[in-house]
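Here is the structure we will look at, set down as structure tokens.
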Amino acid sequence: MFEELDMGRADDVRALFTSVFSDSEGEAEGLLVGNLAWELLTETDRQDIYGFAAVEGAEIIGCIIFSRLTFECEKNVFILSPVAIRADRQSQGLGQGLINFGIDRLQEQGIVLIMTYGDPDFYVRVGFRCVAVESIRAPFDLKFPHGWLGRPLPGGSVMPIPGRPSCVRALNKAVYW
């Protein structure tokens, strides 16, 4: 059910994110996040992105995307954003399972810290914890600083990291933060 995302399925991923976010946040947000997912998959260097999908048959019913955060010091850090589970499959543990699957694969790649910006009530269920923006800055000022979360992987920690990181080009827009 969980697998590495075929990056050639960017159109299917865009449709999933657009549908999920349109249903929950409105059409404008759906288009914004759908286009973000598509841009991440089509414009990001392969060494700077990982995608994972929940698949039934040939249909993608859930997707998560991790992309690199680059700090002045050499830290192998990625950000989890965005995440979508088809509306009729939410609240069944699919999102948590997919995130844990993806994190296990990133750990195999030597990633030491994963950050995300989202709902703390959801992400604490998969091992994330709130991070003070003074400790690890986000690429942009955050509208909701309480949603800045980190999850260290073995060999890593949520210790202060100096400087403001940069993110991949597709995510490098203040509207997402």
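The values are calculated or read from the model by the stated rules, or taken from the named source; none is laboratory data. The structure displayed is predicted, hence computed values, not measured ones. Every residue, glycine among them, receives a Cβ derived from its backbone with ideal geometry; neighbour counts consider all protein chains shown.
Considering only segment 74-94, I want to know if a residue exists there that is farther than 15 Å from Tyr123 by Cα, under 16 Å from the mean Cα position of the chain (by Cα) and aliphatic (A, V, I, L, M). Within segment 74-94 (the criterion being farther than 15 Å from Tyr123 by Cα, under 16 Å from the mean Cα position of the chain (by Cα) and aliphatic (A, V, I, L, M)), the answer is yes, since at least one residue qualifies. The residues in segment 148-177 that are over 21 Å from Gly34 (Cα atoms) and not aromatic (Phe, Trp, Tyr) can be counted, and the count is 18. Do we find a residue being surrounded by fewer than 22 Cβ atoms within 10 Å (Cβ to Cβ), more than 19 Å from Phe128 (Cβ to Cβ) and among the hydroxyl-bearing types (Ser, Thr, Tyr) anywhere in segment 57-74? Within segment 57-74, one or more residues are surrounded by fewer than 22 Cβ atoms within 10 Å (Cβ to Cβ), more than 19 Å from Phe128 (Cβ to Cβ) and among the hydroxyl-bearing types (Ser, Thr, Tyr). Can you find even one residue in segment 110-117 that is in contact with a helix residue (DSSP H, G or I) (Cβ under 7 Å, 6 or more places away or on another chain), of a type in the set (Val, Ile, Thr), modelled with pLDDT of 95 or more and surrounded by 16 or more Cβ atoms within 10 Å (Cβ to Cβ)? Yes, that holds for at least one residue.
If the condition is being among the aromatic types (Phe, Trp, Tyr) and assigned to a helix (DSSP H, G or I), then segment 31-54 contributes only Trp38. When the residues of segment 2-35 are filtered to those that are in contact with a strand residue (DSSP E or B) (Cβ under 6 Å, 6 or more places away or on another chain) and of a type in the set (A, V, I, L, M), which remaining residue is nearest to Asp88 (Cα to Cα)? The residue in question is Val20. Here Gly34 meets the list (1) touching a Gly at 6+ places or on another chain (Cβ under 7 Å); (2) crowded, with 19+ Cβ neighbours inside 10 Å almost entirely, failing just condition (1).
Look at Arg68 and say whether it is touching an Asp or Glu at 6+ places or on another chain (Cβ under 6 Å), of a type in the set (D, E, K, R) and within 19 Å of Ala170 (Cβ to Cβ). Judged against the criteria, Arg68 is a match. The set of residues from segment 10-28 being of a type in the set (D, E, K, R) and either farther than 21 Å from Ile79 by Cβ or exposed (fewer than 14 other Cβ atoms within 10 Å of the Cβ) (or both) comprises Asp11, Asp12, Asp23, Glu25, Glu27.
The C-beta contact set for segment 159-177 (first residue closer than 17 Å to Tyr117 by Cα, second residue assigned to a helix (DSSP H, G or I), distance under 6 angstrom, 6+ apart or interchain) comprises Val168/Asp48; Ala170/Glu39; Ala170/Leu40; Ala170/Glu43.
Candidates in segment 149-173 are the residues that are modelled with pLDDT of 95 or more and touching a Phe, Trp or Tyr at 6+ places or on another chain (Cβ under 6 Å); of these, the one that is surrounded by the most Cβ atoms within 10 Å (Cβ to Cβ) is Leu149.
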